[in-house]
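Comments concern the structure below.
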Amino acid sequence: MDKNKQLALDAIDAKAALVAEVSDAVWGYAELSLMEFKSAEKFCAVLEKEGFAVEKGICNIPTAFAASFGSGKPHIGILAEYDALSGLSQKAGGLQKEEVEAGGCGHGCGHNMLGAGALAAILGLKAYLEETHTPGTVTLYGCPGEEGGAAKAFMARDGLWKSLDAAITWHPSDGNEVETGSSNSCIQTQYVFHGIASHAAGDPEMGRSALDAVELMNVGVQFLREHMSSKARIHYAITDAGGRSPNVVQPKASVLYMVRSNHVSEAVELQKRVDDIAKGAALMTGTTFEKKFIDGLADTVPNHTLESVLYENFQAIGVPTYTDEEYAYIDALGKTYPGGDTFLPGTGAKNDPAIAEEVKALRKKSGHAINDFLLPLYQGEAFEPGSTDVGDVSWLTPTAQVHVAVFANGAPGHSWQNVSVGGTSIGHKAAVHAGKVMALGAIDLLEKPELLQKARAEFEKATAEGYTCPTPADAVPVVPD
């Protein structure tokens, strides 16, 4: 290993206990999107103590922050998340569903580890910059609300990411890989209809039903489905049906919509048509409505140059290792849901038959529920139907993402199983390891300007049409009612 890179690795190892402590603290806080006050404060306190210049509440988001070290260019950003999910309280290391707090929250997507791994990376990079006096700046961005609120998209609207030469992040997964491909854009909007209450039998002509408006809007959107791209998706949930009294004309009702497309500009246009349907529903029922923008996420722009840099460093340090006790636990956890024994992890296995066969062989050789091997690098066509606000970052600066195995193979996303493992030593190892891969990749970018130039050229070509921001200029981060 290059001696400069070894500086970063040694620094991360020296701080491994701190990384695990932060991961566990955030796991315990389990705060929902945009309400991560304890989690954000934990990160900021640690970063300030470690000598970073910390700015809290960036882009007018109370639980967002930026922690920087160094000076000048290049400027490399490391992205952190730390929000949890509702209804997923679960005891750490458990092999059955067992809540810590009845109806409480839990880190079913592993964002406690995500944030801790980003912390590990920035600590390693600080040590490297201090020792080598290499010019450049590294910044850890605390990005709240990935599960609902999309802070990175609001930051993109405000132009924050334009100052970066590159952005790097990671995500807990069931495989070790460097992710590639695009994702769906998504716009989430809540429509709250207001009518007039009246006795549904005695004075029906006096009433104006907000629930009728919601239902007519839903019918209108059903007819729209025939006339939109086959790659687009529209989902909805009635969040307020107007109460439980059928003999009252409902004066208020609301519905939450998600409009998706594989390209953000198409989603923005489709959203306008959904808005028009809401207007029509209000006209037909004599009601009014207010529209609340929740969040808007762009599709992801892959950058193969950065992916290759990260993959080379992942190869160089290998994957995490586990004790017999850890293997026994994760193997038992893998038996608590169906399909894990046949699932093939990784982007490549989903898109390339040859890679799928290679992954089958690797899984057979491993023989464990956790995939303790590095998946092949795949840089062909790939698409993920879900959405992430990392996409908005990728429209403004070259961006790449690492996956490190934490979850048992094929474990359901947002599940109690994932909460369970996220509070164990397996989660600690993943966060530390992800930090190492990201730090080593960033060092290559700091030391080799030709890599950043190549990544920038690829980025400029891929984003030539420009970023269509799905977030209105006057919108502020909120969560649905």
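The values are calculated or read from the model by the stated rules, or taken from the named source; none is laboratory data. As the structure is a computational prediction, the values presented were derived from the model and not from experiment. Virtual Cβ from ideal backbone geometry, glycine too; neighbours counted across all protein chains shown.
For the structure I just gave you, tell me whether residue 328 is more than 30 Å from residue 191 (Cβ to Cβ), modelled with pLDDT of 95 or more and surrounded by fewer than 16 Cβ atoms within 10 Å (Cβ to Cβ).
Considered against the rule, which asks whether it is more than 30 Å from residue 191 (Cβ to Cβ), modelled with pLDDT of 95 or more and surrounded by fewer than 16 Cβ atoms within 10 Å (Cβ to Cβ), residue 328 comes out as yes.
Looking at residue 250 and the list (1) closer than 30 Å to residue 382 by Cβ; (2) polar (S, T, N, Q); (3) out of contact with any strand residue (DSSP E or B) (no Cβ under 8 Å at 6 or more places or on another chain), which single condition is not satisfied?
(1)
Condition first: part of a loop (DSSP other than H, G, I, E, B) and either at pLDDT below 95 or over 23 Å from the mean Cα position of the chain (by Cα) (or both). Now tell me which residues in region 341-356 satisfy that.
341, 342, 352
So which pairs qualify, if the first residue must be in region 230-258 and over 22 Å from residue 295 (Cβ atoms) and among the basic types (Lys, Arg), the second must be modelled with pLDDT under 95 and surrounded by fewer than 19 Cβ atoms within 10 Å (Cβ to Cβ), the Cβ gap must be under 9 Å, and the two must be at least 6 apart or on different chains?
If the second residue must be modelled with pLDDT under 95 and surrounded by fewer than 19 Cβ atoms within 10 Å (Cβ to Cβ), the pairs left are 252/243.
Can you tell me which residue is surrounded by the most Cβ atoms within 10 Å (Cβ to Cβ) among those in region 352-369 that are in contact (Cβ under 8 Å) with a residue 40 or more places away in the chain and in contact with an Asp or Glu (Cβ under 8 Å, 6 or more places away or on another chain)?
The selected residue is 369.
Residue 385 passes all but one of (1) within 17 Å of the chain's Cα centre (by Cα); (2) within 26 Å of residue 94 (Cβ to Cβ); which number fails?
In the conditions (1) within 17 Å of the chain's Cα centre (by Cα); (2) within 26 Å of residue 94 (Cβ to Cβ), residue 385 misses (2) alone.
With the checklist (1) touching an Asp or Glu at 6+ places or on another chain (Cβ under 6 Å); (2) surrounded by fewer than 23 Cβ atoms within 10 Å (Cβ to Cβ) in hand, flag the one item residue 298 doesn't pass.
Going through (1) touching an Asp or Glu at 6+ places or on another chain (Cβ under 6 Å); (2) surrounded by fewer than 23 Cβ atoms within 10 Å (Cβ to Cβ) one by one, residue 298 breaks only (2).
Do you know which residues across region 94-122 are closer than 16 Å to residue 425 by Cβ, under 15 Å from the mean Cα position of the chain (by Cα) and among the small types (Gly, Ala, Ser)?
Once the filter is applied, which keeps residues that are closer than 16 Å to residue 425 by Cβ, under 15 Å from the mean Cα position of the chain (by Cα) and among the small types (Gly, Ala, Ser), region 94-122 yields 110, 116, 117.
In region 14-30, is there at least one residue being at pLDDT 95 or above, at positive phi, of a type outside the set (Ser, Thr, Tyr) and in a helix (DSSP H, G or I)?
Looking through region 14-30, none of the residues is at pLDDT 95 or above, at positive phi, of a type outside the set (Ser, Thr, Tyr) and in a helix (DSSP H, G or I).
Say whether the condition of being closer than 30 Å to residue 268 by Cα, among the basic types (Lys, Arg) and either modelled with pLDDT of 95 or more or assigned to a helix (DSSP H, G or I) (or both) is met by at least one residue in region 438-460.
Yes.
Is there a residue in region 45-61 that is surrounded by fewer than 16 Cβ atoms within 10 Å (Cβ to Cβ) and either of a type in the set (Ser, Thr, Tyr) or part of a loop (DSSP other than H, G, I, E, B) (or both)?
The answer is yes, given that some residue of region 45-61 is surrounded by fewer than 16 Cβ atoms within 10 Å (Cβ to Cβ) and either of a type in the set (Ser, Thr, Tyr) or part of a loop (DSSP other than H, G, I, E, B) (or both).
Check whether at least one residue in region 244-259 is modelled with pLDDT under 95 and of a type in the set (Lys, Arg), and report yes or no.
yes
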